[in-house]
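S.K.: Shown below is the structure under consideration.
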Amino acid sequence: MTGFVSFVGSGPGDPELLTLKAVDRLRTADVVLFDDLSSGPLLDHIRRGATLVAVGKRAGRPSPTQAHVSQLLVEHAATGARVVRLKSGDPAIFGRLEEEIVALREAGIAFEIVPGVTSASAAAAAAAIPLTRRLSARRVQFVTGHDVTGGLPGSLNMAALADTQATTVVFMPKRTFGELVARLVAHGLSPDTPALLAENVGHPDQRLHRSTIATLARTLASAVGSAPALILYGPLLEEDA
């Protein structure tokens, strides 16, 4: 008998931001494969006796490969187990979801996706700012700050990222933000564009730092730190920076 896999978004880390469906899937799971950022109090919802498997990937640390994580999903589901793949934020936003879906489809294993609160929304809420603003921020765009090599992706649409009427959220941004800012300014974006660095979003040690893209790039050039983070920049911060 083949089991079933639920891809569950755990939100940014605050257990109160879990959806009711996410809690239900955790309570009924036989096996939970969880990321580093989907741990702590979030795991209190898992029933006693369930198998917990840590599969988190963090920059600069020994981590399981994506192929290994996908193989574990298939192997556990093949036993007939109800498997939860617990991913931080929303699993469909830079969560390597597609690779795992492909592995399940090739193995003939059914699955569902339970969306979660993305850290972008949680960061904006924590800073008490909207992601869109009438007339000045008509569009929101999400982009990753690094590719599989750890460098800034070379195929970024810089014209879109330098759009003065868009709110841009950069995931995993700290090590490459200086290079990104240099390219943004070269494409016409003002170095004084407001920016927000949000670290450990949804956790008790959450930190929000308001700045400009140029100042923030200089700050990160001297002190990156290990805290998971994202950066928001654009006109939505103009009145709040």
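S.K.: If I model a spin label at Ala128 and Asp24 as a point 7 Å from the Cα along the Cα→Cβ vector, what separation in nanometres do I get?
M.R.: The two pseudo-label positions are separated by 3.6 nm.
S.K.: How big is the gap, in Å, between the Cα center of the stretch 190-215 and the Cα center of the stretch 54-118?
M.R.: 30
S.K.: Using only helices, what value at 222 nm comes out for the chain when you add -39,500 (n - 2.57) per DSSP H run of length 4 or more and divide by the total residues, to the nearest 500 deg cm²/dmol?
M.R.: After summing the helix terms and dividing by residue count, I get -7500 deg cm²/dmol.
S.K.: Also, quick follow-up: For the chain, which whole-number percentage of the solvent-accessible area (1.4 Å probe, protein heavy atoms only) is attributable to carbon and sulfur atoms?
M.R.: Reported share for carbon and sulfur atoms: 54 percent.
S.K.: A further question on this structure: In nanometres, what is the gap between the two model label sites at Thr215 and Leu52, each 7 Å from Cα along Cα-to-Cβ?
M.R.: For the pair Thr215/Leu52, the computed spacing is 4.1 nm.
S.K.: A further question follows. Just by accessible area at a 1.4 angstrom probe, what is the order of Thr167, Thr212 from largest to smallest?
M.R.: Descending accessible area places them as Thr212, Thr167.
S.K.: Tell me the per residue accessible area of the chain using a 1.4 Å probe; a whole number in Å² is fine.
M.R.: 48
S.K.: Another one. How would the stretch 177-241 be classified by its alpha-carbon gyration tensor: rounded, prolate or oblate, with rounded meaning a/c under 1.5 and the a/b versus b/c comparison settling the rest?
M.R.: Cα axes put the stretch 177-241 in the oblate bin.
S.K.: Further, regarding this structure: Where the eigenvalues come from the Cα gyration tensor of the stretch 5-57, what are the semi-axes √(5λ) of the equivalent ellipsoid, largest first, in whole Å?
M.R.: Those come to 15, 14, 10 Å.
S.K.: Can you give me the solvent accessible area of Glu179 with a 1.4 Å probe, rounded to the nearest 10 Å²?
M.R.: Accessible area, nearest 10 Å²: 100 Å².
S.K.: Can you give the FRET efficiency for Arg105 and Ser155, using 1/(1 + (r/R0)^6), R0 = 25 Å, r = Cβ-Cβ distance, to the nearest 0.05?
M.R.: Once rounded, the FRET efficiency stands at 0.40.
S.K.: Roll a 1.4 Å probe over the protein heavy atoms and report the accessible area of Asp147 in Å², nearest 10.
M.R.: Looks like 50 Å² after rounding.
S.K.: ³J(HN,Hα) across the stretch 206-221 via Karplus (A = 6.51, B = -1.76, C = 1.60, θ = phi - 60°), whole Hz, x for Gly/Pro?
M.R.: Residue by residue, the stretch 206-221 yields 4, 10, 10, 10, 8, 7, 10, 5, 5, 5, 5, 4, 5, 4, 6, 5 Hz.
S.K.: So if we plug the beta-carbon distance of Ala67 and Leu135 into 1/(1 + (r/R0)^6) with R0 = 45 Å, what FRET efficiency do we get, rounded to 0.05?
M.R.: 0.45
The values are calculated or read from the model by the stated rules, or taken from the named source; none is laboratory data. Computed from a prediction, not measured in an experiment: that's the story for all the values here. All Cβ positions, glycine included, derive from the backbone under ideal geometry; neighbour counts span all protein chains shown. Heads up: the accessible areas ignore ligands, DNA and RNA and are worked out on the full protein's heavy atoms, side chains in. Shrake-Rupley method; radii C 1.70, N 1.55, O 1.52, S 1.80 Å.
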